[in-house]
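Okay, structure first, notes after.
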Amino acid sequence: QVQVVESGGGLVQAGGSLRLSCAVPGSSESVGVMGWYRQAAGKQRELVAIITNGGTTNYGDSVKGRFTISRDNAKNTVYLQMNSLKPEDTAVYYCNAITTWGNHWGQGTQVTVSS
């Protein structure tokens, strides 16, 4: 069974920063696209950012210019640096990894931005 292990998140004031990390233990050859999605209360899950193992990135419109996704292929780990956080960034953030064995989700980590 593929594990997706998230860390980071928490409570921060508007304008602050947080960093999320997500690791997929195992062979780096089996992990493809990794990324982050979020779901706010009463809303659908939406794309935050994704990154391929070649380093190509894609961001949701609402986070462009504020969030940066990066990746360490040797560690099968993806990072999400979140700057200039806004109250509307409050959500549960889910890590996603596509591997040889399928599509895998983490358990989610709460990010709360106070105004």
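The figures follow:
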{"read-out": "Share of pairwise Cα separations in the stretch 22-70, more than 13 Å, in percent", "value": "61"}
{"read-out": "Loop GluC sites (Glu not before Pro), the stretch 1-84, which have at most 15 other Cβ atoms in a 10 Å radius of their Cβ (DSSP)", "value": "none"}
{"read-out": "log10 of Debye I(q)/I(0), alpha-carbon scatterers only, for the chain at 0.19 Å⁻¹", "value": "-0.92"}
{"read-out": "Computed label-point distance, nm, for sites Asp61 and Ala40 using a 7 Å Cα→Cβ extension", "value": "1.4"}
{"read-out": "Amide H contacts of Asn58 (H built 1.01 Å from N, under 5 Å, at least 5 apart or other chain)", "value": "Ile50"}
{"read-out": "Accessible surface, the stretch 1-103, averaged per residue in Å² (probe 1.4 Å)", "value": "53"}
{"read-out": "Of Thr52, Thr100, Thr77, the one that fluctuates the most in a GNM where the chain has Cα springs shorter than 10 Å", "value": "Thr100"}
{"read-out": "Coil-residue trypsin sites (Lys or Arg not before Pro) of the stretch 11-115, DSSP, other Cβ within 10 Å capped at 12", "value": "Lys43, Lys64"}
{"read-out": "Near-label residues of the stretch 2-33 by backbone N, under 12 Å of a point 7 Å along Cα→Cβ of Asn53", "value": "26-33"}
{"read-out": "For the stretch 64-112, the Rg and Dmax computed from alpha carbons only, in angstrom", "value": "12.6, 37"}
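The values are calculated or read from the model by the stated rules, or taken from the named source; none is laboratory data. Keep in mind the model is a prediction, meaning the values are calculated, not measured. Glycine also receives a Cβ, built like all others from the backbone with ideal geometry; neighbour counts cover every protein chain displayed. Calculation scope for accessible area: heavy atoms of the full protein, side chains included, ligands and nucleic acids excluded. Shrake-Rupley method; radii C 1.70, N 1.55, O 1.52, S 1.80 Å.
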